[in-house]
Each structure stands twice: as C-alpha cells, then as structure tokens.
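A short worksheet on the structure shown next.
No value in this document is a laboratory result; all are computed from the given coordinates. Remember, predicted model here, so these are calculated numbers, not experimental data. Cβ atoms come from the backbone with ideal geometry, glycine included; neighbour counts cover every protein chain shown.
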C-alpha cells in the first residue's frame, strides 16, 4: 500500500523516529505509531477526516495510532515529527493498549488548547527527543525511552479533557482506509470513480460525496496528487526516461503529464529533475 500505509518505515527493534521535516506530501496516510507534530517555523495544516488543525509556530498536535491524516505545509514551514510505537512504553498507560486507537478519547490533542506550562514541557520533550535521535550518543536509546515515558505520563495526567474529545472510529474509517489502499495499489491503471465505488460496494454518487467529505478534495484530484507524488519520486531517484515515468506514475499520456506537472509545480518534469539531482539523466 505504497504512500498510504506507512507501517514499515521504523526499525522493528526500536520503533521510534524524530525528524525535522519541510514537506508534508499532502497525501492521506496512516501508521501504527503515535505521532507528535511540533511546528518550528511557519504554518502546517493537519487534516484528519472530519477535523482540520492549522498549527502556528510553536504549536503541537498529537495524531493517534492508525489514524488517517495528511499534512499540508505552508511555504518555508519546518516541523518536528516524533513517532513512536505504544510498545516503546508500558502499553497499559494508553487506553486500549493495542496497536491502534490508543490515545484517550477525551483529551484535547492540539497544544493551542493546553496551558502554556504544559505546552512548554511538551516542546522541550520533542526537542530533546530530536537531539537524542540526531546525536545518538552512548545510551541514547535509554534516554529516548525515558523521555517517552515522561510524555506518556503527561498525556495521561496533564492534557486537558473535553466532552467532545476525539471521535471514536467506526466503519467510515475502515472504508476510507480501504479506498485509499485500493487507489495506492491501482493508480497506474485508468481507474474510474465508478470502478472504485463498485469495489467499495457503494452507489457512485454516494461514494463521490463520501470521498469528498472525508478527504476534502474530489476523487480525481486525489488520484492525480497520488500519481504526481509517484512521478516526483521517480524523477528524483531514478534515471528513467520521462516516457517511462509517465507510464509508471499512472498518467495516460506524456502531454497530460507535462501539463498537470507544470501547472502544479511551476516547471516541467525535466526542469524538476535537473533542479533536484543536479541535472540527472533525462
């Protein structure tokens, strides 16, 4: 389920990462780990079906295990992404204790709704986790576990609660994941809205509304974004001819690919490749 389910990125023996990022990718995905997003500069929009959060510099957001989401960064944005498996700390600290839906349902997950002392401590934890992961000095894994224990305890004891809380997942979440997985596995074909609706067992008009309401964009817009992401990856990491990139990224012809690519990124695929790889093979 390429570019959708991110389940094989972290080390199995130490499922933790802390990275400074500048590109959210703008595609929906999910992973088994909890994630803390901490904005260092600029603004980052995090979209979770049914909710949107516009994070300013210094603000943070907790994303649950297995929760579908996407990040849309504004220009010049930078943020820390801290991801860790619940099993990195005592599972019973979290509600459920399993691999998915482990954050308490009634917490306020955005730091804009926290007391500043609590938010300040969370920011320091994120910074320290990033520093440990970056330096990897002797004993860094022990230090990381200690910091994660502190974070888990703060989640349980100090984050404010709300009667609204996080929506409990239901069949809509399952259906969205099934839809995104189908698209990720079949984007190289000429997929139609009707075909996808049939696979899901939905009426086409209902499915179109379902997809739009859960992702914020139309079906074909999302499919194009998925194909463009694949094209970017191929342009930057391979020396494949542009004609082969067109085929492997699911576009029907080179003319359409060049037009959509230039309208989206402001340059041709060849110009993009030269800029990203110092004039790699075209």
Where labels lie 7 Å past Cα in the beta-carbon direction, separation of residue 181 and residue 195 in nm: 1.9 nm
Gain in span if fully extended, residue 41 to residue 154, counting 0.36 nm per residue against the direct Cα distance: 38.2 nm
Percentage of interatomic Cα-Cα distances in the range 16-157 larger than 26 Å: 17 percent
The range 25-88 pair-distance distribution - Cα-Cα, 10 Å bins, rounded %: 23, 56, 20, 1
Difference of contour (0.36 nm per residue) and Cα-Cα distance, residue 134 to residue 11: 42.7 nm
For the range 171-277, radius of gyration divided by Kirkwood radius, i.e. Rg to Rh on alpha-carbons: 1.03
